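Undergrad: Provided herewith is a single structure, encoded as structure tokens, for subsequent inquiry.
The values are calculated or read from the model by the stated rules, or taken from the named source; none is laboratory data. Bear in mind the structure is a predicted one, so any value in this text is a computation, not a measurement. Reconstructed Cβ throughout: ideal geometry from the backbone, glycine too, with neighbour counts over all protein chains shown. Quick note on the areas: whole protein, heavy atoms, side chains included, nothing else; ligands and nucleic acids left out. Shrake-Rupley method; radii C 1.70, N 1.55, O 1.52, S 1.80 Å.
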Amino acid sequence: MRIINAVLFIVLISAGPLFSWDKKLSTTELQIAQKKMSDLEYNFELKKFIPHDFYAEAVISLRKAGLAMEKKDYLNAYYHSSMAIVKTETTTVVALVRKTRETLTKLEIDHLKKQKSKKTKKSTANEIIDANLLKKGNAYRIVFPDKNIFVSGKYTLNEFGEESLYKLVKVLEKFKKSTVKIAGHSKYRDLKHYTKRKADFIRKFLAESGIDEERISTVGAGNHEAMDTAVGFRRVNRIEIVISGIDQP
Amino acid sequence: MKHSYLPLLMVLLIFLQAPLLFGDDKTEEIKSLIKIAEMKLDKLKKSGAESFASEEIAKITTAINDANAAIKAGKEKKALLIISIGMAYFKKVDAKKELIDAENELNQTRTRYNQKKESEQ
């Protein structure tokens, strides 16, 4: 009898791995689901496009899988993990769809704005006067305070900013040998990198509007240069654009 | 005295038959789910979805085969779970199709605007 019991015990012990197959599969599936979910959560480019209903479903499936694992219900854990994987993948694809659609809408809006500015340009007589450029020595200069051309709190051009820059684009298109120097200035601290980034943003806009990038140079001036305002010399958050070479034949 | 056992026996018989009856219903339900999945898969294949969703189609096919095998082996619960996972992939295929449409539209618009720009210059 003892021998039979011992044999049965050995058989049961050796059969253990056979029963643990589901557990291994479920654990792997759960790990894949968790990785996919964290990849989606840390994808900052897609974060604002994630559809909340799809995302919520994926999160619920993942939590159910975790609970089933705790209860050692491996079949259900496998099922919920697999569902979490599919739902996370679907959420990612839907977020990509939304991102593509937004890019398309932005492209169309930009195109319409450019068309509009081109129409206003055709009606003007003198591009330099239109662009409000002031002559100083051999160069023409214009200053834009940040609050006038940027949307507050963001580095996105507002309508006035875009219109003003399109007028500059017209001048640069007419005088092909002219060169542009864009300087960014800050108010409180000597933020060289920040002011350079601001200037680079304007350069990018001009380049996208069809101006050769080699004609444009940028400087981050920090807060070293004060500006002559109505109430004396003040440090102002601004962009200064100097165009030289307009008088060249 | 003999008559008093009759209702008890009837109730017992009904309870004994219940699992069999419900079991059959469940099997039919799962089979109909598998049929729906097969029909949807055929439709997808005919619409040429294999060009962009071959991975998903393969997974759905595997799920259908596995669910059929599980039903034959009498594992109804497993079959139901497997076919449910397979069905979830249809949503992903739809999303992928939409993504391809959106990308095509974006590319077409870009090309159109660039051509317009070049012709103006």
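Undergrad: Could you work out what % of the accessible surface of region B:6-120 is carbon and sulfur, using a 1.4 angstrom probe and leaving DNA, RNA and ligands out of the count?
TA: That fraction is 59 percent.
Undergrad: Measure off 7 Å from each Cα along the Cα-to-Cβ vector at residue A:24 and residue B:62, then give the distance between these two points in nanometres to one decimal.
TA: Between residue A:24 and residue B:62, the label points sit 1.7 nm apart.
Undergrad: A further question follows. Normalising by the residue count of region A:61-155, find the relative contact order in percent from Cα pairs under 8 Å and 6+ residues apart.
TA: Rounded, it is 13 percent for region A:61-155.
Undergrad: Normalised by the number of residues in region B:6-120, what is the relative contact order in percent for Cα pairs under 8 Å and 6+ residues apart?
TA: For region B:6-120, the relative contact order is 24 percent.
Undergrad: Can you pull the accessible area of residue A:200 for me, 1.4 Å probe, Å² to the nearest 10?
TA: Number for this one is 50 Å².
Undergrad: Next up: Probe radius 1.4 Å, ligands and nucleic acids left out: which of A:192, A:198 has the largest accessible area, and how do the rest follow?
TA: These residues rank, largest area first, as A:192, A:198.
Undergrad: With all protein chains present and a 1.4 Å probe, how do B:76, A:213 order by accessible area, largest first?
TA: Ranked from most to least accessible, the order is A:213, B:76.
Undergrad: So, R0 is 22 Å and r is the distance between the beta-carbons of residue A:108 and residue A:208; what FRET efficiency does that work out to, to 0.05?
TA: Efficiency, rounded to the nearest 0.05: 0.90.
Undergrad: For region B:6-120, what number results from the quotient of the Cα radius of gyration and 2.2 N^0.38 Å?
TA: 1.78
Undergrad: Another question, if that's okay. Could you give the accessible area per residue of region A:64-123, probe 1.4 Å, as a whole number in Å²?
TA: With all protein chains present, region A:64-123 gives 56 Å² per residue.
Undergrad: Another question, if that's okay. Accessible area of chain A with a 1.4 Å probe: how many percent of it is carbon plus sulfur?
TA: 58
Undergrad: Rank these residues by their accessible area, most exposed first, probe 1.4 Å: A:52, A:224, A:185, A:80.
TA: A:52, A:224, A:80, A:185
Undergrad: Moving on to the next point. Given a Förster distance of 41 Å, report the FRET efficiency between residue B:110 and residue B:42 from their Cβ-Cβ distance, rounded to the nearest 0.05.
TA: 0.70
Undergrad: Please give the FRET efficiency for residue B:11 paired with residue B:76, using the beta carbon to beta carbon distance and R0 = 22 Å, rounded to the nearest 0.05. Mind dumping the intermediate values first?
TA: Values: r = 26 Å, r/R0 = 1.18.
Rounded to the nearest 0.05, the efficiency is 0.25.
Undergrad: Another question, then. Ignore the peptide's own chain and count Cβ atoms of other chains within 10 Å of each Cβ in B:83-89; give me the average, rounded.
TA: What the average comes to for B:83-89 is 4.
Undergrad: Pop a pseudo-label 7 angstrom from the Cα along the beta-carbon direction at both residue A:189 and residue A:39 and give the gap in nm to one decimal.
TA: 3.8
Undergrad: Got a sec? Which residues of region A:52-77 lose 30 Å² or more of accessible surface with every protein chain in place, vs. that chain alone, 1.4 Å probe?
TA: A:75, A:76
Undergrad: Give the percent of DSSP beta bridges with both residues in region A:137-249 that are antiparallel, rounded to the nearest 5.
TA: On the way: 18 of 24 bridges.
Here the antiparallel bridges make up roughly 75 percent for region A:137-249.
Undergrad: Once you average over the residues of B:93-100, how many Cβ atoms of partner chains fall within 10 Å of each Cβ?
TA: 5
Undergrad: While we're on this one: For region A:48-149, which trypsin sites (Lys or Arg not before Pro) pass both filters: DSSP loop (anything but H, G, I, E, B) and at most 12 other C-beta atoms within 10 Å?
TA: When the trypsin sites (Lys or Arg not before Pro) of region A:48-149 are filtered for loop state and at most 12 Cβ neighbours within 10 Å, A:71, A:72 remain.
Undergrad: Mind checking how much accessible area A and B bury in total, 1.4 Å probe, in Å² rounded to 100?
TA: 2400
Undergrad: Please give the length that would be gained between residue A:52 and residue A:176 if that part of the chain were fully extended, namely 0.36 nm times their separation in residues minus their C-alpha to C-alpha distance (nm, one decimal).
TA: Fully extending the segment from residue A:52 to residue A:176 adds 39.6 nm.
Undergrad: Then there's this: State, as an integer percentage, the relative contact order of chain A based on alpha-carbon contacts under 8 Å between residues 6 or more apart.
TA: Relative contact order for chain A comes out at 16 percent.
Undergrad: For the Cα atoms of chain A, what angle does the longest principal axis make with the long axis of helix A:21-41, in degrees from 0 to 90, nearest 10?
TA: So the helix axis and the longest Cα principal axis differ by about 10 degrees.
Undergrad: Tell me whether chain A comes out rounded, prolate or oblate; compute the Cα gyration tensor, take square roots of the eigenvalues as a ≥ b ≥ c, and use a/c under 1.5 as the rounded threshold. Can you show the working numbers first?
TA: Working: a/c = 4.45, a/b = 3.25, b/c = 1.37.
Taking the square roots of the gyration eigenvalues as a ≥ b ≥ c, chain A is prolate.
Undergrad: Using the heavy atoms of the protein chains and a 1.4 angstrom probe, tell me the accessible area per residue for region B:6-120 in square angstrom.
TA: So region B:6-120 comes to 68 Å² accessible per residue, rounded to a whole number.
Undergrad: Continuing with this model, one more query. So what does residue A:212 come to for accessible area, using a 1.4 Å probe and Å² rounded to 10?
TA: Approximately 80 Å² of residue A:212 is accessible to the 1.4 Å probe.
Undergrad: Here are some pairs, A:136/A:204; A:47/B:96; A:64/B:59; A:47/A:154; which of them have Cα atoms lying more than 20 Å apart in this structure?
TA: Result: A:136/A:204; A:64/B:59 exceed 20 Å.
Undergrad: Hey, another quick one. With angles folded into 0 to 90 degrees, how steeply does helix A:74-122 sit against the dominant principal axis of chain A? Use alpha carbons for both and round to 10.
TA: It is inclined by approximately 10 degrees.
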